[in-house]
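Take a look at the structure below.
The values are calculated or read from the model by the stated rules, or taken from the named source; none is laboratory data. Just so you know, these numbers come straight off a predicted model, no measurement behind them. Here Cβ is always computed from backbone atoms with ideal geometry, including for glycine, and neighbour counts include all displayed protein chains.
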Amino acid sequence: MMTNVPHDPQARSLFDEMARWPIYDPHSHIDPHRPAARNFDEVLGYHYYTELAHSAGMPAELVDPSLPPRTRAENLAEFLKYIDNTIQYSWLLEIAQTFHGFAEDRITPKNIGSLYDRAEHAGDGESWDRTVWEKSHLEAVFLTNDFDDPLKGWDTKKYVPCLRTDDLVLKLHEPSTVARLRKATGVDVQDFATLHQAIGTLFERFLSKGVRACAISLPPDFVPLPAAPKRAEAPVRRALHQMDLRPDEHAEIRTIVFWTLAEYCADYRLPFDLMIGPIRNVYPAGVAGGRDLFDRRVSLYDYRALFNHFAGVTFPISTLSPDAGAELVAYSWIFPNVVPLGHWWYSNIPPYIAADLRARLQAVPKNKLVGYYSDAYKLEFVLPKFNMFRKILAETLAEDAIRGRGWSEERALELARLVLLDNPRRLFGRSDSESASVI
Amino acid sequence: MMTNVPHDPQARSLFDEMARWPIYDPHSHIDPHRPAARNFDEVLGYHYYTELAHSAGMPAELVDPSLPPRTRAENLAEFLKYIDNTIQYSWLLEIAQTFHGFAEDRITPKNIGSLYDRAEHAGDGESWDRTVWEKSHLEAVFLTNDFDDPLKGWDTKKYVPCLRTDDLVLKLHEPSTVARLRKATGVDVQDFATLHQAIGTLFERFLSKGVRACAISLPPDFVPLPAAPKRAEAPVRRALHQMDLRPDEHAEIRTIVFWTLAEYCADYRLPFDLMIGPIRNVYPAGVAGGRDLFDRRVSLYDYRALFNHFAGVTFPISTLSPDAGAELVAYSWIFPNVVPLGHWWYSNIPPYIAADLRARLQAVPKNKLVGYYSDAYKLEFVLPKFNMFRKILAETLAEDAIRGRGWSEERALELARLVLLDNPRRLFGRSDSESASVI
Amino acid sequence: MMTNVPHDPQARSLFDEMARWPIYDPHSHIDPHRPAARNFDEVLGYHYYTELAHSAGMPAELVDPSLPPRTRAENLAEFLKYIDNTIQYSWLLEIAQTFHGFAEDRITPKNIGSLYDRAEHAGDGESWDRTVWEKSHLEAVFLTNDFDDPLKGWDTKKYVPCLRTDDLVLKLHEPSTVARLRKATGVDVQDFATLHQAIGTLFERFLSKGVRACAISLPPDFVPLPAAPKRAEAPVRRALHQMDLRPDEHAEIRTIVFWTLAEYCADYRLPFDLMIGPIRNVYPAGVAGGRDLFDRRVSLYDYRALFNHFAGVTFPISTLSPDAGAELVAYSWIFPNVVPLGHWWYSNIPPYIAADLRARLQAVPKNKLVGYYSDAYKLEFVLPKFNMFRKILAETLAEDAIRGRGWSEERALELARLVLLDNPRRLFGRSDSESASVI
């Protein structure tokens, strides 16, 4: 029973074709050592369910990590009735139906037990990972790797490394960051010169492991200004030695480290994913993963120096505030190195996706459109999230391109294939002999 | 002749069912002593008509309060031809058709006279109020009561008191505010301690009369910071004695009074409606009620301290700038105590309502959705405004839920009923033994 | 083969009628001495194609002005395959099909040569201009005239002068501005008094040539404050003599010159087109015309003093950032002298147009709606751009007015005619005996 398919016959036809294609997923939080969920608590533990249930009235204690997994799942199931209107709930149902043979149309306190039993795969280990991978027809899933991730023990062609750099830029002053950096690189980081050297070592290690992107999430008030190494020297040294920092020194450190990362991306021809907008811990009493929000007063104009200076670096960009989507269309239409990347988090809701997608499809060169990524923590979510996007893409193309502009179905599918597969493969498909440029 | 019904048969079927339900209206400006319009000038006097006609070229003098009501109506009728495209005009027509047997499809200088005659109910008094109440199938209509409203002389189960607090927060320094406060409470307000006591007295009096919400409208630059009573003492005293205030002192006063109100809402478990955005008197030469606008650069991020500190207070929130709607979706999805409340004023236009509603229905827990309120000044407006919303709700559910996700009509109506009736009844249905929490 | 027509039969019927009407185009960059394109390079040279192709990967050198026109066209054709999804490409195709008998559905490196040959009209001169004018059924096209334009040599009833004032406000300190001003007016501009006199002379000269609007584009951080002539005197003198200026002096100069222009618009009853938002040269390495962007953090609230003070001046307003469109609806609904003007540049994309248009049609008095302008540099673009708008207008009226509110087709067409023809004719149709007011 699959209900998340287009109702319109023309869109349905496009969707059915797309549903046969492999999935290339350029951003996720999958753990390559444990990609699929071993039980249904790992599915329900996705922050969307715990935070929506908490928002609906569930005390956070009911999903406390210390509880047995089955208890957490049963507790959460009591509150699913309040969120069964949400699109996130529809992913849950599609997972239960697709991967666990669930035949009902709502998950309730009554049926959670049998569903939990059906979804129990602790004993199957990698075989279950393979089942989900194949059933989802996955081709590649990008990871989010800490800079000190050993990057060992999995097939990096399937689970593609991505160097996540938030800690280096935003938390350099924390003791654990420096300690991890020294350990990961073997460089005795003491000042900007050795910090620079250590970051280079990180890039080289990641490159040797097949990294395809550098990534960072940035708060709305971050402004990437050109580096001023001389000026940054003292603050960087103070940060590395955990001395007190003034706000302007914090800003100086973020600026120089971020700029240094962009320089390495230029040197090593690596796309630099910018995920713009989140403010961490706005709601400290929230559940894990459900505490971050944003300030909608943000503009890509603040990024002009970066885009201009690093003309050779491709910047795939996601914006968090839904109302910032139109600005990203304009910047992607003008800057060759700015690429709109998927639909992120608070913007990953069908009406926002549809509005952004319609505009991108009509105003951004088609070879720059990177349709979607799952942002998933468990492999099971990749398929329903991509299906949600493929449905909207099919409906948009049926309405705007086929009915609206007289395109053939074939031409519409060509564009869909570019957006879903060819562009992300090419854009992130760097090798030493190949440019990371968008064409 | 009813034209404001959905064209799509599936949506029409949903709408027809909703149209049989009672209306629960959690925010209006109805005068409970004179709820229905006694004549058609009181209908046409709604600021939407005078301001739109004025914007279309009508001199403000033509609707001056000193003119005879019939003359004002005749004058305004000359300009209705310029605004018969607007959704506000459609409410007017629906009122004329539903309540006054008007059979034409436009109100013109030619037929305004006979319509005025038909709508004359000065002699019918309360009987006409009852007629409109019953014809509209009203269950409850919330008021907007000044803090010194005697709250006497009407059935507070039908016309529900709501404590409006703009004057206390924004105009404490004006002599009339303090005078009214002293008179209403019997407290000799001279400093912060006595101010605090007086506000407590107000809450107790309103509670004894069945108040169901505290409410305030706040300008876009207001930032609710935690109270600092010590620091506020001097400015508050200066304000209460009409001494000159520096801007930072004004800010201090607003902050402490607002925070104090939130504390009382917490103590007395009263929802605190926040209506965020308006700037008063941006266009001083406008008609009465048609002078306020907004600055779209506003963010709920400024409200984080409030939402965190008062976890036990429910904040139903309306935003004025249409482009701020998506941020409210995100904050309602995360904060248990943030609830999206209706569609307000400049955002109360079908395309904005539809965009906001689609997102809320797919991303906010369904037990937190408070669909709509009329904001009406005269009872006749409640029905057409709710019908406008019910039409959009029906169309959205038909498209996104029934066709889009395979829901049954029954399930779609369940959600509609929650949004229109069950949620506002429960959320605002406090009693001494019952929590104001959202579930 | 015309594919950009509505698919819905009701909308098609409206569109077909609108397509028979003349076009009144209140803003363009047409050169009246050379209005139509003499060859296809002049069509492909429109910044949309060069900037989108450049964004898609085309080196800017391939369309360098020093290259032979045919080479530039051939070079660009290599990259059109990357932008054939865009709405801008659809205008290109419609031009090729409508004016040059192009029968294929894509412009490729293979067929660009023959298309170039077909579009060669260097030898036809004004006869080709007339052909395009008549085939497009044009009635009037507004120009963008530099303040020192001699305004000679064309029929100003067809190509209507519009005084563009960016240089005076934003570049007064540049030597060439003062020199041009002195030359154009014969006034020995040395201080604010003589500057004021010279601007008056400009207005009189433009008025004698049938000017119908004053216009300016303003950056998002511009705030029009009331003039303070005394305070501005020193900075203006320093600017006129190219002395160094502090940022606050620059601001003072912009303020006083802008306010002075508004005063002359009031005196001479000329609408003042405000095009709000662009920041020049954000991407300096871009192609000509493709370097400007915006900061979305902009608000019309900054314009309140202007709108209030100049109640007698009509301000047709375009906003650049698509997300600012809803604020313009609100300001147009309240201020009699604020008029929403068309859909501009980065906002001129069907989904943004549709969203803005739906709201304007339902919330702004219909006598204030100025539907569209081409912003074109060559005459061939007026028709496809207006057709794009007429299609969206037809679809919106079919859905929201005819199906949504039960209007007759006749009534919908009445509104379309007002929006497309009657309003711009009346609003910009000033003569010495006629007011520029909106009704």
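Looking at the structure I just gave you, is A:Q197 surrounded by fewer than 16 Cβ atoms within 10 Å (Cβ to Cβ) and not in a helix (DSSP H, G or I)?
So A:Q197 does not fit the description; no.
For the range C:157-193, which residues satisfy the criterion of being farther than 29 Å from C:G277 by Cα and either among the hydroxyl-bearing types (S, T, Y) or not assigned by TED's automatic domain parsing to the domain that holds C:W259 (or both)?
Passing the criteria: only C:T185.
Residue-by-condition table, conditions (1) among the polar types (S, T, N, Q); (2) not in a helix (DSSP H, G or I):
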| position | (1), (2) |
| --- | --- |
| A:E252 | no, no |
| A:A266 | no, no |
| A:N281 | yes, yes |
| A:G290 | no, yes |
| A:P316 | no, yes |
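May I ask you to verify whether A:F315 is farther than 15 Å from C:L293 by Cβ, among the aromatic types (F, W, Y) and free of Cβ contacts under 8 Å to residues at least 60 places away in the same chain?
Answer is no for this residue.
Picking from C:D117, C:D167, which residue would you name as being within 20 Å of the chain's Cα centre (by Cα), free of Cβ contacts under 8 Å to residues at least 24 places away in the same chain and in a helix (DSSP H, G or I)?
C:D167
If a residue must be at the interface with chain A (Cβ under 10 Å from one of its Cβ atoms) and over 30 Å from C:N337 (Cβ atoms), how many such residues does the range C:285-295 contain?
The number of residues fulfilling the criteria is 5.
Only one residue in C:R34, C:R12 is assigned to a loop (DSSP other than H, G, I, E, B) and surrounded by fewer than 23 Cβ atoms within 10 Å (Cβ to Cβ). Which one?
Sole residue among the options that is assigned to a loop (DSSP other than H, G, I, E, B) and surrounded by fewer than 23 Cβ atoms within 10 Å (Cβ to Cβ): C:R34.
Taking the range C:205-237, which residues are assigned to a helix (DSSP H, G or I), surrounded by fewer than 21 Cβ atoms within 10 Å (Cβ to Cβ) and free of Cβ contacts under 8 Å to residues at least 40 places away in the same chain?
C:S208, C:P229, C:K230, C:R231, C:A234
Could you tell me whether B:H7 is of a type outside the set (A, V, I, L, M), surrounded by fewer than 16 Cβ atoms within 10 Å (Cβ to Cβ) and outside any helix (DSSP H, G or I)?
yes
Check the range A:328-339 and report whether any residue there is hydrophobic (A, V, I, L, M, F, W, C) and under 27 Å from A:G290 (Cβ atoms).
Scanning the range A:328-339 turns up at least one residue that is hydrophobic (A, V, I, L, M, F, W, C) and under 27 Å from A:G290 (Cβ atoms).
Table: residues versus (1) within 16 Å of A:R20 (Cα to Cα); (2) in contact (Cβ under 8 Å) with a residue 12 or more places away in the chain.
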| position | (1), (2) |
| --- | --- |
| A:K391 | yes, yes |
| A:T396 | no, yes |
| A:R403 | no, yes |
| A:G406 | no, no |
| A:E409 | yes, yes |
| A:L413 | yes, yes |
| A:V419 | yes, yes |
| A:D422 | yes, no |
| A:R425 | no, yes |
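Being more than 7 Å from chain A (Cβ to nearest Cβ) and touching a residue at least 60 places away in the same chain (Cβ under 8 Å) is the filter here; which residues of the range B:347-371 pass it?
Scanning the range B:347-371 gives B:I349, B:P350, B:V370.
Being of a type in the set (S, T, Y) and either touching a Lys or Arg at 6+ places or on another chain (Cβ under 8 Å) or within 10 Å of chain C (Cβ to nearest Cβ) (or both) is true for just one of B:S13, B:S55, B:S28. Which residue is that?
Answer to the check: B:S55.
Can you spot a residue in the range C:380-390 that is over 26 Å from C:I279 (Cβ atoms), of a type in the set (K, R), facing another protein chain (nearest Cβ under 9 Å) and more than 16 Å from the chain's Cα centre (by Cα)?
No, the range C:380-390 contains no residue that is over 26 Å from C:I279 (Cβ atoms), of a type in the set (K, R), facing another protein chain (nearest Cβ under 9 Å) and more than 16 Å from the chain's Cα centre (by Cα).
Can you tell me how many residues within the range C:299-312 are touching a residue at least 60 places away in the same chain (Cβ under 8 Å) and either among the polar types (S, T, N, Q) or part of a loop (DSSP other than H, G, I, E, B) (or both)?
The qualifying residues number 1.
Somewhere in the range A:311-321, is a residue facing another protein chain (nearest Cβ under 10 Å), within 23 Å of C:P220 (Cβ to Cβ) and either crowded, with 24+ Cβ neighbours inside 10 Å or small (G, A, S) (or both)?
For the range A:311-321, residues facing another protein chain (nearest Cβ under 10 Å), within 23 Å of C:P220 (Cβ to Cβ) and either crowded, with 24+ Cβ neighbours inside 10 Å or small (G, A, S) (or both): present.
Could you tell me which residue of the range C:120-136 is nearest to the chain's Cα centre (by Cα), considering only residues that are of a type outside the set (D, E) and assigned to a loop (DSSP other than H, G, I, E, B)?
Looking at the filtered set, the residue picked out is C:S136.
Per-residue answers, yes or no, for (1) away from chain B (no Cβ under 14 Å); (2) among the β-branched types (V, I, T); (3) free of Cβ contacts under 8 Å to residues at least 12 places away in the same chain:
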| site | (1), (2), (3) |
| --- | --- |
| C:Y283 | yes, no, yes |
| C:R297 | no, no, no |
| C:N337 | no, no, no |
| C:W345 | yes, no, no |
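In the range C:59-96, what count of residues is obtained for those that are within 11 Å of A:P365 (Cα to Cα) and facing chain A (nearest Cβ under 9 Å)?
Matching residues across the range C:59-96 total 9.
Looking only at residues in the range C:154-183 that are surrounded by fewer than 19 Cβ atoms within 10 Å (Cβ to Cβ) and touching a helix residue (DSSP H, G or I) at 6+ places or on another chain (Cβ under 7 Å), which one is nearest to C:A232 (Cα to Cα)?
Top of the filtered list is C:K171.
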